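Here's the structure, in structure tokens; my notes come after.
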């Protein structure tokens, strides 16, 4: 029996030793923080701290662990709430979200002009809360897939050079590389990274190929057009964006002269990638080889080298002009094919270009769509009603409802965060207030005795409130550290992933360093201590006789 008892005793020693060590550490922290308060009453320091502090911590630190758990859950909830709000604020400030499109009906092209005249002014912008209104075209192109040499249809849109949306597209977080449109006659493409990846182009591709339909079956149908920028995302879920000039160049018939018809080209144009100094040897080889081709030599070729200005990719363009001009484009194609075979131009990143710019710009036609960029979504329904009443334009309800829902969710999240914070503070306050009250009720006789021997009620209040204050402070510090480790380590993302919620890259959905967190900490201390003071004030103010004899129970 002795042996068994001894084993049972020894088996419990580690647990007791652990609790004792933690208790000693916490009480040591309390002693350090409370010593200045109790210094003038050193005789009572040991009594109040060792006995009262230990009692308030609870058996096996149960009270401390409960409070710490509540605070950890509180800060994790606050961190998740902050992270969600920041995510929603990012989405709400994203102009791609805040744009509302107006579809111009077919046959009513003058409506675009009417809307611009009516809405592009400061009073209308202030009234409905939008920043700008701009027109654009939405269209598709058939583009070559470099992987399987097949063709696919891609959706794009135009963006005016002076459209504020350009600045949004070229924000640092959205831009991968490239430049803006140089002017309104720029024919370059802004493309998304997904567009390039999905269709066989490298991330730093300088040109993509669009299909040109021609009655001449021998004519090369894939025309290279320059890429001026690669971005992560474009509005309207477009895969590419161009100037309106490009759109009109591609789709309009100017007296039978089609800008993208390769038959218009009468000179051999070769793009050579890289710096000029590094390409000089290849340029000399191309010139020497071109002069050796009989069909070119007969046409008295003249070589001109210019820096490439169309694509964002560094390079030079070699122009080979002829006199007299070649009879057709086939001669140029055969010449380039011969150069390619002998010098491996394709392998060195070179390609044959065509001259598809009109010498004279032309006026734009009315736009097919109008886009309104809202600063705030609060008045979007009023804007919808105004368009219908004044211009008989009906915005699609799904657009309006999605914007309103997004706006509502953001405000609802803020409200829920505030309610959550209030609930957590109330929970902590009730727990600590009941903890201290129950303890004081158990030791009313001792308190009455202390007061009978001259210990003032002010000092009693200060001592107990200080113990509770330090109790809260230590719990807050530990809870902040633990919740920060849990949150920033990706626990929130893991929970959301297990709930099969689609997550965005580089979003932790957790933000503990925030004004809401500071507000929570201050509120926990101030509200808790004030509530505890008020709820237990009656016990501290009672007379020694009533406390000792328990008359008011």
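The values are calculated or read from the model by the stated rules, or taken from the named source; none is laboratory data. Treat the numbers as computed from the prediction; the structure is a model and nothing was measured. All Cβ positions, even for glycine, are placed from backbone atoms using ideal geometry, and neighbour counts span all protein chains on display.
A few remarks follow.
- Any pair with Cβ under 6 angstrom, 6 or more apart, that starts in the stretch 378-392 at a residue that is under 11 Å from residue 130 (Cβ atoms) and ends at one that is at pLDDT below 90 and not in a helix (DSSP H, G or I): 379/129
- First in the stretch 312-339 and assigned to a loop (DSSP other than H, G, I, E, B), second anywhere and exposed (fewer than 15 other Cβ atoms within 10 Å of the Cβ), Cβ under 6 Å, 6 or more apart: 312/179; 323/300
- Test: residue in the stretch 440-462 that is in a loop (DSSP other than H, G, I, E, B) and at positive phi: yes
- When the stretch 55-72 is filtered for residues that are free of Cβ contacts under 8 Å to residues at least 12 places away in the same chain and within 41 Å of the chain's Cα centre (by Cα), the ones remaining, listed by number, are 65, 69.
- Test for residue 300: is it at pLDDT 85 or above and either over 30 Å from residue 177 (Cβ atoms) or surrounded by fewer than 18 Cβ atoms within 10 Å (Cβ to Cβ) (or both): no
- Residues of the stretch 509-538 satisfying the condition of being crowded, with 18+ Cβ neighbours inside 10 Å and more than 30 Å from residue 444 (Cβ to Cβ): 509, 510, 511, 512, 516, 517, 520, 521
- Checked against (1) assigned to a loop (DSSP other than H, G, I, E, B); (2) without any contact (Cβ under 8 Å) to a residue 12 or more places away in the chain, residue 507 passes all but condition (2).
- Residue 160, sole failed condition from (1) surrounded by fewer than 19 Cβ atoms within 10 Å (Cβ to Cβ); (2) over 20 Å from residue 376 (Cα atoms); (3) outside the structural domain of residue 195 (by TED's automatic domain parsing): (3)
- Filtering the stretch 510-543 to residues that are assigned to a loop (DSSP other than H, G, I, E, B) and out of contact with any helix residue (DSSP H, G or I) (no Cβ under 7 Å at 6 or more places or on another chain) leaves 513, 542, 543.
- For the stretch 391-403, the candidate set comprises residues that are modelled with pLDDT of 70 or more and under 16 Å from residue 98 (Cβ atoms); within that set, the residue that is surrounded by the most Cβ atoms within 10 Å (Cβ to Cβ) is 395.
- Lone qualifier among 546, 552 - being assigned to a helix (DSSP H, G or I) and either modelled with pLDDT under 85 or over 30 Å from residue 445 (Cβ atoms) (or both): 546
- One residue stands out in the stretch 42-56 among those that are more than 13 Å from residue 475 (Cβ to Cβ) and surrounded by 14 or more Cβ atoms within 10 Å (Cβ to Cβ): the one that is modelled with the lowest pLDDT, namely 45.
- Residue in the stretch 334-345 that is within 29 Å of residue 182 (Cβ to Cβ) and either modelled with pLDDT under 85 or loosely packed, with under 13 Cβ neighbours inside 10 Å (or both) present: no
- Restricting the search to helices (runs of 4 or more DSSP H) fully inside the stretch 57-168 and requiring at least 1 residues that are more than 30 Å from residue 516 (Cβ to Cβ) and modelled with pLDDT under 85 gives 110-119.
- Residues that are part of a loop (DSSP other than H, G, I, E, B) and crowded, with 17+ Cβ neighbours inside 10 Å were ranked within the stretch 346-357; the one that is modelled with the highest pLDDT is 350.
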